[in-house]
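Asker: Below you will find the structure I want to go over with you.
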Amino acid sequence: MVINGSPNAGGNTDFLIDRFVTFLDNVIRFDLREMNISPCRGCEKCSLTGNCIIRDDMYQIYEEIEACKYFLFFSPVFFGGVTSTLKSAIDRCQPFWARKNILGKKIDNNGRKALIVLIGGTSFAKGYECAALSVRWLLNVIEVPEVKSLFYMNIENNKDFSKYNLENDIDSVMDFFSEESEK
Ligand SMILES: Cc1cc2nc3c(=O)[nH]c(=O)nc-3n(C[C@H](O)[C@H](O)[C@H](O)COP(=O)(O)O)c2cc1C
């Protein structure tokens, strides 16, 4: 499952995702900017039922979070965090938190792995770490124990990716996903 948190169609994040997905099979890709996903209202109704009362496109994602084994999150860094587009989807995963911590219904974490890819215009590392933490928090809730992160810094346009060895990175990601899970 590929999650694209960039609000910018045809931008740097899209460019990078296109490079990665050509090497993947059976991809389910969610370009969040194309979807109707409201922010969490904090009503906590999900603590009672395990489900969100907002009936929007997030329901497509809920289904795949349970069904998929491998997750790839891509986002630009915006003000030291993930984009509000991605953050809305993350916050809407509160039903999984409620199921796990209140209702006692955990997803089986067997072999689940994730890659977090963050793209930013600066080399201010804390911004990338902070953005990654938000996604890691989600991954803990949705039972994805093995996580790898890649940070692409100083990316103002897609030519800036030439500073990186994308072939090597894609190889290491393929190895990460194909290695036997540690759990
Ligand atoms: C609103 C906004 C906030 C940004 N904040 C940061 C930031 O905190 N740190 C950073 O390194 N880059 C920041 N940037 C730069 C973008 O992360 C960078 O240009 C990225 O390559 C954009 O990816 P995109 O083309 O997919 O939108 C920001 C850009 C915008 C538009």
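Asker: Do we have any residue at all in the stretch 120-135 that's away from the ligand (no atom under 16 Å from the Cβ), surrounded by 13 or more Cβ atoms within 10 Å (Cβ to Cβ) and either touching a residue at least 12 places away in the same chain (Cβ under 8 Å) or not small (G, A, S) (or both)?
Answerer: Looking for residues that are away from the ligand (no atom under 16 Å from the Cβ), surrounded by 13 or more Cβ atoms within 10 Å (Cβ to Cβ) and either touching a residue at least 12 places away in the same chain (Cβ under 8 Å) or not small (G, A, S) (or both), one finds none in the stretch 120-135, hence no.
Asker: Quick test of your reading of the structure: E143 fulfils all but one of (1) in contact with a strand residue (DSSP E or B) (Cβ under 9 Å, 6 or more places away or on another chain); (2) without any contact (Cβ under 8 Å) to a residue 60 or more places away in the chain; (3) crowded, with 16+ Cβ neighbours inside 10 Å. Name the failing condition by number.
Answerer: (1)
Asker: Determine the pairs where a residue that is modelled with pLDDT under 95, located within the stretch 80-102, has a partner that is assigned to a helix (DSSP H, G or I) with Cβ atoms under 8 Å apart, the partner being 6 or more residues away or on another chain.
Answerer: Between residues of the stretch 80-102 that are modelled with pLDDT under 95 and residues that are assigned to a helix (DSSP H, G or I), there is no close pair.
Asker: Out of everything in the stretch 84-100 that is among the small types (G, A, S) and buried (at least 21 other Cβ atoms within 10 Å of the Cβ), what residue ends up being farthest from F73 (Cα to Cα)?
Answerer: A98
Asker: Right, here's the next one. Which residue out of F73, F151 is open to solvent by 60 Å² or more (accessible area, probe 1.4 Å), of a type outside the set (V, I, T), within 16 Å of the ligand (Cβ to nearest atom) and touching a helix residue (DSSP H, G or I) at 6+ places or on another chain (Cβ under 7 Å)?
Answerer: Testing whether each residue is open to solvent by 60 Å² or more (accessible area, probe 1.4 Å), of a type outside the set (V, I, T), within 16 Å of the ligand (Cβ to nearest atom) and touching a helix residue (DSSP H, G or I) at 6+ places or on another chain (Cβ under 7 Å) leaves just F151.
The values are calculated or read from the model by the stated rules, or taken from the named source; none is laboratory data. Everything quoted here is computed from the prediction, not taken from an experiment. Cβ sites come from the backbone with ideal geometry, for glycine too, and all protein chains shown count toward neighbours. Heavy atoms of the whole protein, side chains included, go into the accessibility calculation; ligands, DNA and RNA do not. Shrake-Rupley method; radii C 1.70, N 1.55, O 1.52, S 1.80 Å.
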